[in-house]
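Throughout, read-outs are computed from the coordinates displayed, never taken from laboratory work. Everything numeric in this text was worked out from a predicted model, so none of it was measured. Please note: Cβ atoms are built from the backbone with ideal geometry, for glycine as well, and neighbour counts cover all protein chains shown.
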Amino acid sequence: DAGVIQSPRHEVTEMGQEVTLRCKPISGHNSLFWYRQTMMRGLELLIYFNNNVPIDDSGMPEDRFSAKMPNASFSTLKIQPSEPRDSAVYFCASRGGGQETQYFGPGTRLLVL
Amino acid sequence: AQSVTQPDIHITVSEGASLELRCNYSYGATPYLFWYVQSPGQGLQLLLKYFSGDTLVQGIKGFEAEFKRSQSSFNLRKPSVHWSDAAEYFCAVGVGGGADGLTFGKGTHLIIQP
């Protein structure tokens, strides 16, 4: 299995630009999670989906952030407009039905100038 | 709400020495507990997990952890560390049978001295 795939691995953009992060979960997994990692706040859950449906988005910092999961094999996290404080590593993780373990992707390192 | 505390931000251990990384959690019911490791520039890899049963769990790379309900702890141990163990280690608690997201500690940075 290829594991969780994230793209791009690195993104540098300017303040005010739209940023789209992508995630392909492990085939057959029905839960998908987006996390953000910063030095100040550590790893935080942003949002998660079960069977493509958003279950809890209480961790999404503000309206500039949005996430979608149009099908079982693809999810996006969008920031519009981006700000320097959004600079972080964004991780996607997936989990199979009936399982407790989440498998993490390699992350997208985002730098907003 | 649940929380995880890793009291040691940095730990330095000599190669070949034993290791214990501390983790304390706060959660009203029996938690689902995890230890993940993150090497520089990499994602998180699961070392081990505890859900129920034997409170001493074995993981990959020679790691083990012990769940102590009375102390709300889930400390990670390894009898003899290798230079390749240098990394960031995260303790996490999952609720809802692990179906919900994970709450992570701030991590412990492990440095291995030759």
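Taking the Cα centre of chain A as reference, the dipole from Cβ charges on Lys and Arg (+1) and Asp and Glu (-1) amounts to some 240 debye. Near A:SER7, once Lys and Arg are set to +1 and Asp and Glu to -1 for all other residues with Cβ below 15 Å from its Cβ, the sum equals +4.
GNM remark for chain B: springs join alpha carbons under 10 Å apart, and the peak mean-square fluctuation among B:LEU76, B:LEU21, B:LEU44 falls on B:LEU44.
Averaging the sequence gap over all C-alpha pairs within less than 8 Å and six or more residues apart, then dividing by the number of residues, gives the range A:4-113 a relative contact order of 38 percent. Sorted from longest to shortest, the spans of the Cα atoms of the protein assembly as shown along the three principal axes equal 49, 38, 34 Å.
Please tell me the relative contact order of chain B in percent, rounded to the nearest whole number, where contacts are Cα pairs under 8 Å and at least six residues apart.
Normalised by residue count, the contact order of chain B is 37 percent.
Computed over the alpha-carbon atoms, chain B gives an Rg to Rh ratio of 0.95, Rh here being the Kirkwood radius from the mean inverse distance. Rg/Rh for the range A:12-113 stands at 0.96; both radii use Cα atoms, and Rh follows the Kirkwood definition. Net charge dipole, the protein assembly as shown: roughly 160 debye, given to the nearest 20, about the Cα centre with Cβ charges of +1 for Lys and Arg and -1 for Asp and Glu.
Among A:ILE26, A:ILE47, A:ILE55, the largest mean-square fluctuation in a Gaussian network model of chain A (Cα springs under 10 Å) belongs to A:ILE55. Quick one: check the C-alpha center-to-center distance for the range B:24-46 versus the range A:77-113, whole angstrom. Here the answer is 16 Å between Cα centres. Within the same chain, aspartates and glutamates fewer than 8 places from B:LYS106 are excluded, and of the rest, those with a Cα less than 19 Å from its Cα are A:GLU44, A:ASP86, B:ASP8, B:GLU20, B:ASP85, B:GLU88.
For a 25 Å ceiling on Cα separation, which of these pairs sit above it: A:LYS24/A:LYS78; A:LYS68/B:LYS61; A:LYS78/B:LYS61; B:LYS49/B:LYS78; A:LYS68/B:LYS49; A:LYS24/B:LYS61? Cα-Cα > 25 Å for A:LYS68/B:LYS61; A:LYS78/B:LYS61; A:LYS68/B:LYS49; A:LYS24/B:LYS61; rest within.
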